[in-house]
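Trainee: The structure follows.
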(Lines give C-alpha, C1' and ligand atoms only; values in the text may rest on other atoms or scores of the structure.)
Protein backbone atom coordinates (compact mmCIF):
# COMPACT_ATOMS: atom_id res chain seq x y z
CA UNK A 1 0.00 0.00 0.00
CA UNK A 2 1.45 3.34 -1.06
CA UNK A 3 1.58 5.78 1.85
CA UNK A 4 3.16 8.84 0.21
CA UNK A 5 5.08 10.28 -2.70
CA UNK A 6 8.75 11.20 -2.29
CA UNK A 7 8.86 14.93 -2.84
CA UNK A 8 11.23 17.82 -2.23
CA UNK A 9 14.38 15.71 -1.89
CA UNK A 10 17.74 16.47 -3.46
CA UNK A 11 19.70 14.18 -5.79
CA UNK A 12 23.24 12.74 -5.56
CA UNK A 13 26.04 15.02 -6.72
CA UNK A 14 27.56 12.78 -9.41
CA UNK A 15 28.98 13.07 -12.91
CA UNK A 16 30.45 16.51 -12.39
CA UNK A 17 33.95 17.99 -12.69
CA UNK A 18 35.60 18.32 -9.26
CA UNK A 19 38.05 20.77 -10.87
CA UNK A 20 35.31 22.98 -12.33
CA UNK A 21 35.89 25.79 -9.83
CA UNK A 22 37.43 28.72 -11.78
CA UNK A 23 40.24 29.05 -9.23
CA UNK A 24 41.98 26.07 -10.86
CA UNK A 25 41.98 27.48 -14.40
CA UNK A 26 42.94 30.93 -13.16
CA UNK A 27 45.97 29.63 -11.24
CA UNK A 28 47.16 27.44 -14.12
CA UNK A 29 46.74 30.16 -16.74
CA UNK A 30 48.47 32.71 -14.51
CA UNK A 31 51.46 30.35 -14.25
CA UNK A 32 51.58 29.71 -17.99
CA UNK A 33 50.34 26.13 -17.65
CA UNK A 34 47.39 26.36 -20.05
CA UNK A 35 48.46 23.11 -21.68
CA UNK A 36 47.70 21.28 -18.44
CA UNK A 37 44.06 22.37 -18.25
CA UNK A 38 42.89 19.25 -20.08
CA UNK A 39 44.61 16.80 -17.75
CA UNK A 40 43.47 18.64 -14.63
CA UNK A 41 39.85 18.53 -15.77
CA UNK A 42 40.28 14.88 -16.76
CA UNK A 43 41.13 14.14 -13.13
CA UNK A 44 38.26 16.34 -11.95
CA UNK A 45 35.72 14.55 -14.13
CA UNK A 46 37.05 11.15 -13.03
CA UNK A 47 36.73 12.18 -9.37
CA UNK A 48 33.13 13.31 -9.90
CA UNK A 49 31.88 10.01 -11.32
CA UNK A 50 29.52 7.79 -9.37
CA UNK A 51 32.06 4.96 -9.70
CA UNK A 52 34.90 6.93 -8.10
CA UNK A 53 32.64 8.03 -5.27
CA UNK A 54 31.58 4.42 -4.71
CA UNK A 55 35.23 3.39 -4.52
CA UNK A 56 35.76 6.01 -1.83
CA UNK A 57 32.70 4.79 0.06
CA UNK A 58 33.87 1.18 -0.05
CA UNK A 59 37.39 2.03 1.07
CA UNK A 60 35.93 3.99 4.01
CA UNK A 61 33.34 1.36 4.94
CA UNK A 62 35.86 -1.51 4.89
CA UNK A 63 38.89 -0.31 6.85
CA UNK A 64 42.25 -2.09 6.53
CA UNK A 65 42.89 -5.21 8.59
CA UNK A 66 46.17 -6.14 10.27
CA UNK A 67 47.55 -9.64 9.79
CA UNK A 68 50.54 -10.19 12.06
CA UNK A 69 50.94 -13.93 11.35
CA UNK A 70 50.02 -16.39 8.65
CA UNK A 71 47.97 -19.54 9.31
CA UNK A 72 51.09 -21.49 10.24
CA UNK A 73 52.33 -18.99 12.82
CA UNK A 74 54.95 -17.24 10.71
CA UNK A 75 55.28 -13.49 11.27
CA UNK A 76 54.13 -11.63 8.13
CA UNK A 77 53.22 -8.12 9.36
CA UNK A 78 50.85 -7.20 6.57
CA UNK A 79 47.86 -4.92 6.18
CA UNK A 80 45.00 -6.08 3.99
CA UNK A 81 42.99 -3.37 2.24
CA UNK A 82 39.67 -3.42 0.44
CA UNK A 83 40.18 -3.71 -3.33
CA UNK A 84 38.58 -0.27 -3.68
CA UNK A 85 41.54 1.26 -1.82
CA UNK A 86 44.00 -0.27 -4.27
CA UNK A 87 41.94 0.96 -7.22
CA UNK A 88 41.96 4.50 -5.82
CA UNK A 89 45.73 4.25 -5.33
CA UNK A 90 46.21 2.88 -8.83
CA UNK A 91 44.32 5.79 -10.34
CA UNK A 92 46.07 8.38 -8.17
CA UNK A 93 49.48 7.07 -9.20
CA UNK A 94 48.41 6.83 -12.85
CA UNK A 95 47.32 10.48 -12.69
CA UNK A 96 50.76 11.39 -11.33
CA UNK A 97 49.52 12.71 -8.00
CA UNK A 98 52.43 11.16 -6.12
CA UNK A 99 56.12 11.83 -6.91
CA UNK A 100 56.00 12.31 -10.68
CA UNK A 101 56.10 16.11 -10.31
CA UNK A 102 59.79 15.77 -9.43
CA UNK A 103 60.62 14.17 -12.80
CA UNK A 104 58.08 16.12 -14.88
CA UNK A 105 60.14 18.59 -16.99
CA UNK A 106 57.40 21.24 -17.07
CA UNK A 107 58.28 24.34 -15.02
CA UNK A 108 54.81 24.26 -13.40
CA UNK A 109 54.89 20.55 -12.51
CA UNK A 110 54.21 21.04 -8.77
CA UNK A 111 51.29 23.40 -9.42
CA UNK A 112 49.79 20.99 -11.94
CA UNK A 113 50.21 18.13 -9.50
CA UNK A 114 48.64 20.19 -6.67
CA UNK A 115 45.59 21.02 -8.79
CA UNK A 116 45.07 17.39 -9.75
CA UNK A 117 45.68 16.18 -6.17
CA UNK A 118 43.12 18.65 -4.82
CA UNK A 119 40.53 17.65 -7.41
CA UNK A 120 41.00 13.92 -6.83
CA UNK A 121 40.91 14.12 -3.04
CA UNK A 122 37.10 14.47 -3.03
CA UNK A 123 36.93 10.69 -3.63
CA UNK A 124 38.61 9.62 -0.38
CA UNK A 125 41.05 11.40 1.90
CA UNK A 126 42.65 8.28 3.40
CA UNK A 127 44.55 7.08 0.36
CA UNK A 128 45.83 10.61 -0.11
CA UNK A 129 48.17 10.02 2.86
CA UNK A 130 50.58 7.57 1.14
CA UNK A 131 50.24 9.55 -2.08
CA UNK A 132 51.32 12.69 -0.23
CA UNK A 133 54.18 10.99 1.61
CA UNK A 134 55.49 9.54 -1.65
CA UNK A 135 55.47 13.03 -3.15
CA UNK A 136 57.21 14.52 -0.13
CA UNK A 137 59.89 11.81 0.20
CA UNK A 138 61.81 12.84 -2.92
CA UNK A 139 63.53 16.03 -1.67
CA UNK A 140 64.54 14.22 1.52
CA UNK A 141 66.00 11.29 -0.45
CA UNK A 142 68.12 13.70 -2.44
CA UNK A 143 70.28 14.14 0.67
CA UNK A 144 72.01 10.96 -0.58
CA UNK A 145 72.77 10.73 -4.29
CA UNK A 146 72.95 6.92 -4.34
CA UNK A 147 69.67 6.40 -2.51
CA UNK A 148 67.99 9.02 -4.69
CA UNK A 149 69.23 7.33 -7.85
CA UNK A 150 67.95 4.01 -6.54
CA UNK A 151 64.50 5.05 -5.39
CA UNK A 152 63.34 8.32 -6.99
CA UNK A 153 62.61 6.85 -10.46
CA UNK A 154 60.51 4.14 -8.79
CA UNK A 155 58.66 6.65 -6.61
CA UNK A 156 57.92 8.77 -9.70
CA UNK A 157 56.74 5.80 -11.78
CA UNK A 158 53.11 5.76 -12.91
CA UNK A 159 52.83 2.08 -11.96
CA UNK A 160 51.17 1.05 -8.70
CA UNK A 161 52.15 -2.34 -7.29
CA UNK A 162 50.78 -3.15 -3.80
CA UNK A 163 52.69 -6.43 -3.43
CA UNK A 164 55.27 -6.70 -0.66
CA UNK A 165 58.48 -7.31 -2.63
CA UNK A 166 62.05 -6.07 -3.01
CA UNK A 167 61.55 -2.40 -3.97
CA UNK A 168 64.08 -2.45 -6.82
CA UNK A 169 62.27 -5.37 -8.48
CA UNK A 170 58.99 -3.47 -8.72
CA UNK A 171 57.72 -1.17 -11.46
CA UNK A 172 56.78 1.48 -8.93
CA UNK A 173 56.94 2.01 -5.16
CA UNK A 174 55.30 4.03 -2.37
CA UNK A 175 57.06 5.79 0.52
CA UNK A 176 56.00 6.30 4.13
CA UNK A 177 57.26 8.29 7.09
CA UNK A 178 57.93 7.03 10.63
CA UNK A 179 58.85 9.78 13.07
CA UNK A 180 56.83 10.14 16.25
CA UNK A 181 57.15 8.12 19.43
CA UNK A 182 54.79 7.80 22.37
CA UNK A 183 56.91 9.81 24.80
CA UNK A 184 57.61 12.71 22.46
CA UNK A 185 54.99 13.20 19.75
CA UNK A 186 55.99 16.27 17.76
CA UNK A 187 59.11 16.63 19.91
CA UNK A 188 61.15 14.19 17.85
CA UNK A 189 64.31 15.11 19.74
CA UNK A 190 62.84 13.10 22.60
CA UNK A 191 62.98 9.94 20.46
CA UNK A 192 64.63 6.87 21.96
CA UNK A 193 64.78 4.57 18.93
CA UNK A 194 68.45 3.72 18.40
CA UNK A 195 70.59 3.14 15.32
CA UNK A 196 73.85 1.16 15.47
CA UNK A 197 76.20 1.15 12.50
CA UNK A 198 77.27 -2.21 11.05
CA UNK A 199 80.45 -3.22 9.27
CA UNK A 200 78.74 -3.04 5.86
CA UNK A 201 77.64 0.58 6.39
CA UNK A 202 74.02 -0.22 7.21
CA UNK A 203 72.47 0.44 10.61
CA UNK A 204 70.44 -1.73 12.93
CA UNK A 205 67.34 0.12 14.15
CA UNK A 206 65.73 -0.79 17.49
CA UNK A 207 62.72 0.98 18.97
CA UNK A 208 59.03 1.79 18.77
CA UNK A 209 57.03 4.29 16.68
CA UNK A 210 53.66 5.54 17.89
CA UNK A 211 52.21 6.71 14.54
CA UNK A 212 53.31 5.29 11.20
CA UNK A 213 50.75 5.77 8.47
CA UNK A 214 50.61 3.48 5.45
CA UNK A 215 52.98 0.86 6.93
CA UNK A 216 52.69 -1.24 3.76
CA UNK A 217 54.74 1.40 1.93
CA UNK A 218 57.79 -0.06 0.21
CA UNK A 219 60.22 2.22 2.05
CA UNK A 220 59.87 4.10 5.33
CA UNK A 221 61.83 7.25 6.14
CA UNK A 222 62.59 6.91 9.83
CA UNK A 223 64.23 8.96 12.57
CA UNK A 224 66.50 7.21 15.08
CA UNK A 225 69.27 8.17 17.49
CA UNK A 226 72.72 7.33 16.08
CA UNK A 227 75.98 8.07 17.94
CA UNK A 228 76.03 11.47 16.25
CA UNK A 229 72.46 12.33 17.23
CA UNK A 230 69.02 12.21 15.60
CA UNK A 231 69.51 10.79 12.09
CA UNK A 232 67.26 9.91 9.16
CA UNK A 233 67.24 6.41 7.70
CA UNK A 234 65.59 4.61 4.79
CA UNK A 235 64.13 1.22 5.72
CA UNK A 236 62.70 -1.03 3.00
CA UNK A 237 59.93 -3.38 4.08
CA UNK A 238 61.65 -6.12 2.08
CA UNK A 239 65.45 -6.40 2.13
CA UNK A 240 67.58 -6.88 -1.01
CA UNK A 241 67.90 -10.61 -0.27
CA UNK A 242 64.12 -10.99 -0.33
CA UNK A 243 63.60 -11.43 3.41
CA UNK A 244 61.20 -9.28 5.40
CA UNK A 245 62.86 -6.46 7.29
CA UNK A 246 61.95 -7.07 10.98
CA UNK A 247 59.51 -4.16 11.15
CA UNK A 248 56.73 -5.43 13.39
CA UNK A 249 53.22 -4.02 13.04
CA UNK A 250 51.80 -4.01 16.57
CA UNK A 251 48.33 -2.66 15.97
CA UNK A 252 46.32 -0.31 13.76
CA UNK A 253 44.92 2.88 15.27
CA UNK A 254 41.15 3.13 15.68
CA UNK A 255 40.76 6.70 14.40
CA UNK A 256 38.04 9.33 14.29
CA UNK A 257 38.29 9.53 10.50
CA UNK A 258 40.78 8.75 7.73
CA UNK A 259 39.59 5.18 8.07
CA UNK A 260 40.67 3.85 4.68
CA UNK A 261 44.29 4.61 5.59
CA UNK A 262 46.14 2.29 7.96
CA UNK A 263 47.88 4.16 10.78
CA UNK A 264 49.94 1.84 12.91
CA UNK A 265 52.23 1.35 15.86
CA UNK A 266 55.38 -0.42 14.78
CA UNK A 267 58.46 -1.85 16.42
CA UNK A 268 61.90 -2.16 14.86
CA UNK A 269 63.51 -5.42 16.01
CA UNK A 270 67.03 -4.87 14.70
CA UNK A 271 65.59 -3.66 11.41
CA UNK A 272 68.08 -2.76 8.68
CA UNK A 273 68.30 0.86 7.58
CA UNK A 274 70.43 2.95 5.27
CA UNK A 275 71.52 6.34 6.56
CA UNK A 276 70.06 9.31 4.72
CA UNK A 277 72.23 12.37 5.26
CA UNK A 278 74.77 12.90 8.01
CA UNK A 279 74.41 11.64 11.55
CA UNK A 280 72.83 14.23 13.79
CA UNK A 281 71.09 16.00 10.92
CA UNK A 282 67.99 13.84 10.74
CA UNK A 283 65.51 16.61 11.54
CA UNK A 284 67.03 18.87 8.89
CA UNK A 285 66.89 16.01 6.37
CA UNK A 286 63.32 14.95 7.01
CA UNK A 287 62.02 18.53 7.26
CA UNK A 288 62.14 18.56 3.47
CA UNK A 289 59.58 15.77 3.56
CA UNK A 290 57.54 17.56 6.21
CA UNK A 291 57.35 20.70 4.06
CA UNK A 292 55.84 18.66 1.24
CA UNK A 293 53.25 17.04 3.47
CA UNK A 294 52.41 20.40 5.05
CA UNK A 295 51.59 21.69 1.59
CA UNK A 296 49.27 18.75 1.10
CA UNK A 297 47.67 19.34 4.52
CA UNK A 298 46.78 22.85 3.35
CA UNK A 299 45.46 21.53 0.05
CA UNK A 300 43.49 18.79 1.85
CA UNK A 301 41.70 21.27 4.11
CA UNK A 302 40.96 23.53 1.16
CA UNK A 303 39.61 20.51 -0.73
CA UNK A 304 37.28 19.57 2.12
CA UNK A 305 35.98 23.15 2.28
CA UNK A 306 35.44 23.31 -1.47
CA UNK A 307 33.79 19.88 -1.51
CA UNK A 308 31.54 20.83 1.41
CA UNK A 309 30.42 23.95 -0.44
CA UNK A 310 29.79 21.95 -3.63
CA UNK A 311 27.66 19.40 -1.76
CA UNK A 312 25.76 22.13 0.09
CA UNK A 313 25.17 24.20 -3.06
CA UNK A 314 23.87 21.14 -4.88
CA UNK A 315 21.52 20.29 -2.01
CA UNK A 316 20.08 23.75 -1.39
CA UNK A 317 19.53 24.20 -5.11
CA UNK A 318 17.15 21.23 -5.09
CA UNK A 319 15.37 21.56 -1.78
CA UNK A 320 12.55 23.98 -0.91
CA UNK A 321 11.28 25.42 2.37
CA UNK A 322 8.82 28.15 3.25
CA UNK A 323 7.74 28.60 -0.35
CA UNK A 324 11.20 29.03 -1.94
CA UNK A 325 14.10 26.89 -3.05
CA UNK A 326 16.67 27.04 -0.25
CA UNK A 327 19.29 28.61 -2.47
CA UNK A 328 16.88 31.51 -3.13
CA UNK A 329 16.42 32.22 0.57
CA UNK A 330 18.46 35.38 1.36
CA UNK A 331 20.04 34.10 4.55
CA UNK A 332 21.01 30.77 2.98
CA UNK A 333 22.66 32.70 0.14
CA UNK A 334 24.63 34.66 2.72
CA UNK A 335 25.81 31.46 4.44
CA UNK A 336 26.67 29.69 1.19
CA UNK A 337 28.58 32.67 -0.20
CA UNK A 338 30.52 33.09 3.03
CA UNK A 339 31.50 29.43 2.98
CA UNK A 340 32.51 29.79 -0.66
CA UNK A 341 34.78 32.74 0.14
CA UNK A 342 36.64 30.66 2.74
CA UNK A 343 37.01 27.71 0.40
CA UNK A 344 38.25 29.87 -2.47
CA UNK A 345 40.74 31.82 -0.38
CA UNK A 346 42.14 28.58 1.05
CA UNK A 347 42.43 26.95 -2.38
CA UNK A 348 44.05 30.09 -3.77
CA UNK A 349 46.81 30.11 -1.16
CA UNK A 350 47.36 26.33 -1.52
CA UNK A 351 47.88 26.58 -5.28
CA UNK A 352 50.07 29.67 -4.81
CA UNK A 353 52.31 27.71 -2.44
CA UNK A 354 52.58 24.94 -5.03
CA UNK A 355 53.70 27.53 -7.60
CA UNK A 356 56.31 28.76 -5.13
CA UNK A 357 57.55 25.16 -4.89
CA UNK A 358 58.15 25.22 -8.64
CA UNK A 359 60.00 28.52 -8.41
CA UNK A 360 62.01 27.58 -5.33
CA UNK A 361 63.27 24.35 -6.85
CA UNK A 362 64.21 26.28 -9.98
CA UNK A 363 66.57 28.37 -7.84
CA UNK A 364 64.43 31.40 -6.96
CA UNK A 365 65.65 32.37 -3.48
CA UNK A 366 62.82 34.81 -2.80
CA UNK A 367 60.27 32.14 -3.70
CA UNK A 368 62.00 29.76 -1.28
CA UNK A 369 61.71 32.32 1.52
CA UNK A 370 58.05 32.98 0.76
CA UNK A 371 57.33 29.27 0.58
CA UNK A 372 58.97 28.64 3.95
CA UNK A 373 56.92 31.19 5.87
CA UNK A 374 53.84 30.84 3.67
CA UNK A 375 53.66 27.10 4.36
CA UNK A 376 53.90 27.60 8.11
CA UNK A 377 51.24 30.27 8.44
CA UNK A 378 48.88 28.68 5.91
CA UNK A 379 49.20 25.16 7.32
CA UNK A 380 48.26 26.59 10.70
CA UNK A 381 45.36 28.78 9.65
CA UNK A 382 43.73 26.97 6.71
CA UNK A 383 43.74 23.63 8.52
CA UNK A 384 42.39 25.26 11.67
CA UNK A 385 39.42 26.66 9.73
CA UNK A 386 38.43 23.29 8.28
CA UNK A 387 36.25 21.77 11.04
CA UNK A 388 34.15 24.91 11.62
CA UNK A 389 33.67 25.27 7.87
CA UNK A 390 32.55 21.66 7.37
CA UNK A 391 30.19 21.93 10.36
CA UNK A 392 28.47 24.94 8.80
CA UNK A 393 28.25 23.24 5.40
CA UNK A 394 26.69 20.20 7.12
CA UNK A 395 24.09 22.46 8.69
CA UNK A 396 22.92 23.56 5.23
CA UNK A 397 21.44 20.06 4.89
CA UNK A 398 19.54 20.24 8.16
CA UNK A 399 18.93 16.80 9.66
CA UNK A 400 19.83 15.15 6.35
CA UNK A 401 23.41 16.33 6.83
CA UNK A 402 23.71 14.44 10.11
CA UNK A 403 22.98 11.15 8.37
CA UNK A 404 25.90 9.10 7.06
CA UNK A 405 24.38 8.69 3.59
CA UNK A 406 24.80 12.41 2.94
CA UNK A 407 28.59 12.10 3.12
CA UNK A 408 28.82 15.08 5.46
CA UNK A 409 29.56 13.13 8.70
CA UNK A 410 32.50 11.48 6.94
CA UNK A 411 33.75 14.86 5.80
CA UNK A 412 33.32 16.23 9.32
CA UNK A 413 35.30 13.37 10.88
CA UNK A 414 38.09 13.97 8.42
CA UNK A 415 38.27 17.73 8.87
CA UNK A 416 40.39 17.91 12.07
CA UNK A 417 43.15 15.69 10.70
CA UNK A 418 45.14 18.17 8.55
CA UNK A 419 45.44 20.47 11.56
CA UNK A 420 46.96 17.63 13.61
CA UNK A 421 49.08 15.90 10.96
CA UNK A 422 52.62 17.30 10.59
CA UNK A 423 52.32 19.39 13.72
CA UNK A 424 49.14 20.45 15.50
CA UNK A 425 48.04 24.06 15.80
CA UNK A 426 50.53 25.11 18.47
CA UNK A 427 53.43 23.38 16.72
CA UNK A 428 52.55 25.00 13.40
CA UNK A 429 52.19 28.46 14.93
CA UNK A 430 55.50 28.18 16.77
CA UNK A 431 57.17 26.87 13.62
CA UNK A 432 56.16 30.08 11.86
CA UNK A 433 57.81 32.10 14.63
CA UNK A 434 60.94 29.97 14.28
CA UNK A 435 60.98 30.61 10.55
CA UNK A 436 60.85 34.36 11.23
CA UNK A 437 63.59 34.14 13.86
CA UNK A 438 65.94 31.98 11.79
CA UNK A 439 65.26 33.65 8.45
CA UNK A 440 64.12 37.25 9.02
CA UNK A 441 64.27 37.78 5.27
CA UNK A 442 61.28 35.46 4.94
CA UNK A 443 59.14 37.94 6.86
CA UNK A 444 60.56 40.78 4.78
CA UNK A 445 59.60 38.92 1.60
CA UNK A 446 56.10 38.32 2.96
CA UNK A 447 55.54 41.98 3.73
CA UNK A 448 56.89 42.87 0.29
CA UNK A 449 54.15 40.63 -1.06
CA UNK A 450 51.59 42.50 1.04
CA UNK A 451 52.97 45.85 -0.10
CA UNK A 452 52.73 44.84 -3.77
CA UNK A 453 48.98 45.61 -3.63
CA UNK A 454 49.17 48.57 -1.24
CA UNK A 455 46.56 51.20 -2.05
CA UNK A 456 44.24 48.71 -3.77
CA UNK A 457 42.05 47.91 -0.76
CA UNK A 458 41.94 50.18 2.29
CA UNK A 459 40.83 47.37 4.58
CA UNK A 460 43.83 45.25 3.60
CA UNK A 461 46.15 48.25 4.05
CA UNK A 462 44.83 48.88 7.56
CA UNK A 463 45.11 45.21 8.48
CA UNK A 464 48.73 45.02 7.32
CA UNK A 465 49.55 48.20 9.27
CA UNK A 466 48.22 46.77 12.53
CA UNK A 467 50.04 43.51 11.79
CA UNK A 468 53.33 45.39 11.64
CA UNK A 469 52.50 46.85 15.05
CA UNK A 470 51.80 43.36 16.42
CA UNK A 471 55.13 42.05 15.20
CA UNK A 472 56.92 45.06 16.60
CA UNK A 473 55.75 44.15 20.07
CA UNK A 474 58.02 41.28 21.13
CA UNK A 475 56.52 40.99 24.62
CA UNK A 476 54.98 37.55 25.15
CA UNK A 477 55.20 36.83 21.42
CA UNK A 478 55.08 33.07 21.95
CA UNK A 479 51.95 33.46 24.08
CA UNK A 480 50.35 35.43 21.22
CA UNK A 481 51.64 33.10 18.49
CA UNK A 482 48.25 31.92 17.26
CA UNK A 483 46.94 35.47 16.94
CA UNK A 484 50.02 36.75 15.12
CA UNK A 485 50.40 33.77 12.79
CA UNK A 486 46.67 33.69 12.04
CA UNK A 487 46.77 37.35 11.09
CA UNK A 488 49.78 36.73 8.82
CA UNK A 489 47.78 34.00 7.09
CA UNK A 490 44.76 36.28 6.72
CA UNK A 491 46.88 39.08 5.28
CA UNK A 492 48.41 36.63 2.81
CA UNK A 493 45.05 35.30 1.65
CA UNK A 494 43.66 38.82 1.38
CA UNK A 495 46.67 39.94 -0.65
CA UNK A 496 46.37 37.03 -3.08
CA UNK A 497 42.63 37.60 -3.55
CA UNK A 498 43.09 41.34 -4.12
CA UNK A 499 45.93 40.61 -6.51
CA UNK A 500 44.55 37.66 -8.45
CA UNK A 501 41.03 36.81 -7.30
CA UNK A 502 37.51 37.61 -8.39
CA UNK A 503 36.55 41.13 -7.20
CA UNK A 504 33.44 39.92 -5.37
CA UNK A 505 35.43 37.28 -3.45
CA UNK A 506 38.20 39.73 -2.58
CA UNK A 507 35.66 42.32 -1.41
CA UNK A 508 33.84 39.81 0.78
CA UNK A 509 37.09 38.51 2.25
CA UNK A 510 38.65 41.85 3.16
CA UNK A 511 35.36 43.17 4.53
CA UNK A 512 34.60 40.15 6.71
CA UNK A 513 38.00 38.70 7.62
CA UNK A 514 40.22 41.77 7.70
CA UNK A 515 38.05 44.81 8.52
CA UNK A 516 35.98 42.59 10.80
CA UNK A 517 33.11 45.04 10.40
CA UNK A 518 30.63 42.20 10.03
CA UNK A 519 29.91 39.11 12.12
CA UNK A 520 32.44 36.46 13.04
CA UNK A 521 30.34 33.40 12.15
CA UNK A 522 29.61 32.18 8.63
CA UNK A 523 26.64 33.86 6.98
CA UNK A 524 27.24 37.42 8.15
CA UNK A 525 28.43 39.05 4.93
CA UNK A 526 27.37 42.63 4.21
CA UNK A 527 24.32 42.99 1.96
CA UNK A 528 26.41 44.92 -0.57
CA UNK A 529 28.53 41.86 -1.35
CA UNK A 530 27.85 40.27 -4.74
CA UNK A 531 26.85 36.89 -3.34
CA UNK A 532 25.43 35.74 -6.70
CA UNK A 533 28.84 35.94 -8.37
CA UNK A 534 30.48 34.11 -5.46
CA UNK A 535 27.91 31.30 -5.41
CA UNK A 536 28.08 30.90 -9.18
CA UNK A 537 31.84 30.31 -8.99
CA UNK A 538 31.39 27.56 -6.39
CA UNK A 539 28.46 25.70 -7.94
CA UNK A 540 29.73 22.36 -9.33
CA UNK A 541 29.60 21.90 -13.09
CA UNK A 542 29.92 18.93 -15.40
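Trainee: Working carefully through the options 13, 7, 88, find the one that is in contact with a helix residue (DSSP H, G or I) (Cβ under 8 Å, 6 or more places away or on another chain) and not assigned by TED's automatic domain parsing to the domain that holds residue 161. So that I can check it myself, show each step before the final result.
Mentor: Values: 7 fails: in contact with a helix residue (DSSP H, G or I) (Cβ under 8 Å, 6 or more places away or on another chain); 88 fails: not assigned by TED's automatic domain parsing to the domain that holds residue 161.
When all the criteria are applied, what remains is 13.
Trainee: Would you confirm whether or not segment 520-536 contains a residue that is surrounded by fewer than 18 Cβ atoms within 10 Å (Cβ to Cβ), at pLDDT below 90 and either outside the structural domain of residue 341 (by TED's automatic domain parsing) or outside any helix (DSSP H, G or I) (or both)?
Mentor: Yes: segment 520-536 contains one or more residues that are surrounded by fewer than 18 Cβ atoms within 10 Å (Cβ to Cβ), at pLDDT below 90 and either outside the structural domain of residue 341 (by TED's automatic domain parsing) or outside any helix (DSSP H, G or I) (or both).
Trainee: Within segment 1-30, which residues are assigned to a loop (DSSP other than H, G, I, E, B), more than 20 Å from the chain's Cα centre (by Cα) and farther than 18 Å from residue 50 by Cβ? Full working, then the answer.
Mentor: The initial filter retains those residues of segment 1-30 that are assigned to a loop (DSSP other than H, G, I, E, B), namely 1-16, 18-21.
This time we only want the ones that are more than 20 Å from the chain's Cα centre (by Cα), so: 1-16.
The answer is 1, 2, 3, 4, 5, 6, 7, 8.
Trainee: Select from segment 502-516 the residues that are part of a loop (DSSP other than H, G, I, E, B) and touching a helix residue (DSSP H, G or I) at 6+ places or on another chain (Cβ under 6 Å) and list them in ascending order.
Mentor: 515
Trainee: Residue by residue through segment 57-96, note down the ones that are at positive phi and not in a loop (DSSP other than H, G, I, E, B). Before the answer, list the steps.
Mentor: Start the filter on segment 57-96 by keeping residues that are at positive phi, which leaves 73, 77, 96.
Passing the criteria: only 77.
Trainee: Within segment 44-56, which residues are in a helix (DSSP H, G or I) and within 15 Å of residue 540 (Cβ to Cβ)? Don't jump to the end; show me each part of the working.
Mentor: Taking segment 44-56 and keeping what is in a helix (DSSP H, G or I), we get 44-47, 50-56.
Residues satisfying the conditions are 44, 45, 46, 47, 50, 52, 53.
Trainee: Considering only residues of segment 314-338 that are touching a helix residue (DSSP H, G or I) at 6+ places or on another chain (Cβ under 6 Å) and in a helix (DSSP H, G or I), which is nearest to residue 352 (Cα to Cα)? Show your work before the answer.
Mentor: Kept after step one, since they are touching a helix residue (DSSP H, G or I) at 6+ places or on another chain (Cβ under 6 Å), are these residues of segment 314-338: 316-317, 319, 326-327, 332-333, 336-337.
Adding the requirement that they be in a helix (DSSP H, G or I) leaves 316, 326-327, 332-333, 336-337.
Numbers: 316: 31, 326: 34, 327: 31, 332: 30, 333: 28, 336: 24, 337: 22 Å.
Among those that are touching a helix residue (DSSP H, G or I) at 6+ places or on another chain (Cβ under 6 Å) and in a helix (DSSP H, G or I), it is 337.
Trainee: Quick check: anything in segment 402-423 crowded, with 20+ Cβ neighbours inside 10 Å, over 20 Å from the mean Cα position of the chain (by Cα) and not assigned by TED's automatic domain parsing to the domain that holds residue 122?
Mentor: Checked against the condition, which is being crowded, with 20+ Cβ neighbours inside 10 Å, over 20 Å from the mean Cα position of the chain (by Cα) and not assigned by TED's automatic domain parsing to the domain that holds residue 122, segment 402-423 yields no hits at all.
The values are calculated or read from the model by the stated rules, or taken from the named source; none is laboratory data. These numbers come from a predicted model, not from an experiment. No Cβ is skipped: glycine too gets one built from the backbone with ideal geometry, and neighbour counts run over all protein chains shown.
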